[in-house]
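The values are calculated or read from the model by the stated rules, or taken from the named source; none is laboratory data. Fair warning: this is a prediction, and the values are worked out from it, not measured in the lab. Note that each Cβ is placed from the backbone with ideal geometry, even for glycine, and that neighbours are counted across all protein chains shown. Areas reflect the complete protein model, heavy atoms only, side chains present, ligands, DNA and RNA absent. Shrake-Rupley method; radii C 1.70, N 1.55, O 1.52, S 1.80 Å.
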Amino acid sequence: MSLSFHWFLPTYGDSRGLMAGGHGTAMSGDRPASLRYLNQIAGAAEENGFEAVLTPTGAWCEDAWLATAMLVETTETLKFLVAFRPGLVSPTLAAQMSGTFQRHSRGRLLLNVVTGGEPHEQRAFGDFLDKEQRYERTGEFLHIVRELWESREPFSFEGTHLRVQDALLNNHPDPLPPIFFGGSSAAAGPVAARYADTYLTWGEPTFAVGKKLEWIRGLAADQGRTLDYGIRLHVITRDTSEAAWAEADRLLEGIDPADIERVQANLARSESEGQRRMLELHGGNTDRLEIAPNLWAGVGLVRGGAGTALVGSHEEVAERLIEYSRLGITHFILSGYPHVEEAYWFGEGVLPILERRGVWRRSVDRAAGPVGTPFATASTS
């Protein structure tokens, strides 16, 4: 098994501390998401051997399609996992955009389909469907997109929510962009099983992740399909466990209690089953945050979406990742604050261990000349 590692592109900004907001809640950092800074993160990810960067979607961040398109020419091998919401763009236009992106990036597009779990944010974009209807529409959307990617004849479709007539692409994406899809609710499972290439989950203890993956595997088998699986986590990895937990403590001490109260109140409105599961891991309580060995729920106190981090020495973090891989996880989408520095901590500290263990290999050699930073040197404590 060869694992794939991806990094995160914070198009709302970055910081040395935990940033409050996200997923329907305003969010910004003291390092603005300028094009120059996003290029630095993309360069750090590419330099350290990450396959792709995930770019979020929503009113609280920059548009993912435009932001990543501007990074294509400043990177060489890095792929872009573009998140988008199917209810906010025509399926024919999305299929066409995918073809354009693939052609000009030379095949470096991956797609993360986000149905949307925050009704107040959906309504701000003009989407007034309820949760069940949104998942129905997502299924119709992906059906149309896949037909357009593969059809060489005009295609028509009439569903409950979407309709196209005599639709045809002039330029088909080559290769077809893999579809990443997450969702923990009963409505999400069948859509993932039928249309996703990779099913994504947020970071929970291994027993909970394993149970969720078995659910999706069963649904996919009913469709005659086999999926890949991925997980979204933050990381705090250092030369020693003590140094990593000291960093987690520093991040926790920097949180304003008012931000915890504000963000938790906003996230309580979410219709996302995954978000509900994230909130249950900590319950807004700061004194029981290590919910499994090396799995820390502190990020979720102030951040919507992925709310857990692997915290520990490079060896400990590598071992936890391998434990997830034994469940069938092959894609790891990671992040850390700040994103430039933490990409090097992980790239220089953890990836060499995984390479020695035979579960990961660098697909592209590092650039010639001096590389790296002092973040993960043996002398660091």
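What the table below lists for this structure:
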read-out	value
Residues located in region 222-273, provided they are open to solvent by 70 Å² or more (accessible area, probe 1.4 Å) and either aliphatic (A, V, I, L, M) or part of a helix (DSSP H, G or I) (or both)	ASP222, GLU242, ASP249, ARG250, GLU253, PRO257, GLU261, ARG262, ALA268
Members of region 98-132 that are of a type in the set (A, V, I, L, M) and not in a loop (DSSP other than H, G, I, E, B)	LEU109, LEU110, LEU111, VAL113, ALA124
Evaluation of GLY58 against (1) farther than 18 Å from ILE333 by Cβ; (2) modelled with pLDDT under 95; (3) touching a helix residue (DSSP H, G or I) at 6+ places or on another chain (Cβ under 9 Å) (one fails), failing number	(1)
Long-range neighbours under 8 Å by Cβ, at least six apart or interchain, first residue in contact (Cβ under 8 Å) with a residue 24 or more places away in the chain and under 11 Å from THR226 (Cβ atoms) within region 193-206, second assigned to a loop (DSSP other than H, G, I, E, B) and among the basic types (Lys, Arg)	ALA193/ARG225
Test result for ILE291, in contact with a His (Cβ under 8 Å, 6 or more places away or on another chain), β-branched (Val, Ile, Thr), closer than 29 Å to ALA52 by Cα and modelled with pLDDT of 95 or more	no
Residues that are surrounded by 14 or more Cβ atoms within 10 Å (Cβ to Cβ), touching a Phe, Trp or Tyr at 6+ places or on another chain (Cβ under 9 Å), part of a loop (DSSP other than H, G, I, E, B) and not hydroxyl-bearing (Ser, Thr, Tyr), drawn from region 19-40	MET19, GLY22, HIS23, GLY24, MET27, GLY29, ALA33
Residue, farthest from ILE179 (Cα to Cα), within region 96-111, restricted to residues that are open to solvent by less than 20 Å² (accessible area, probe 1.4 Å) and out of contact with any Pro (no Cβ under 8 Å at 6 or more places or on another chain)	SER105
Among the candidates PRO190, PRO177, residue that is assigned to a loop (DSSP other than H, G, I, E, B), more than 20 Å from ALA306 (Cβ to Cβ), touching a residue at least 24 places away in the same chain (Cβ under 8 Å) and touching a Phe, Trp or Tyr at 6+ places or on another chain (Cβ under 9 Å)	PRO177
Filtered residue count, region 203-220, keeping only those that are in contact with a helix residue (DSSP H, G or I) (Cβ under 8 Å, 6 or more places away or on another chain) and open to solvent by 60 Å² or more (accessible area, probe 1.4 Å)	1
Selection within region 77-97 - assigned to a strand (DSSP E or B), under 21 Å from LEU129 (Cα atoms) and not small (Gly, Ala, Ser)	PHE84
ARG320 vs. criteria out of contact with any His (no Cβ under 9 Å at 6 or more places or on another chain) and modelled with pLDDT of 95 or more	yes
Members of region 296-307 found to be more than 17 Å from GLY254 (Cα to Cα) and surrounded by 24 or more Cβ atoms within 10 Å (Cβ to Cβ), listed by number	GLY304, ALA306
Meets criteria (free of Cβ contacts under 8 Å to residues at least 60 places away in the same chain and open to solvent by less than 60 Å² (accessible area, probe 1.4 Å)) for LEU93	no
Residue in region 275-287 that is open to solvent by less than 60 Å² (accessible area, probe 1.4 Å), modelled with pLDDT of 90 or more, of a type in the set (Gly, Ala, Ser) and part of a loop (DSSP other than H, G, I, E, B) present	no
Within region 318-339, tally of residues that are in a helix (DSSP H, G or I), of a type in the set (A, V, I, L, M) and either buried (at least 20 other Cβ atoms within 10 Å of the Cβ) or in contact with a Ser or Thr (Cβ under 6 Å, 6 or more places away or on another chain) (or both)	2
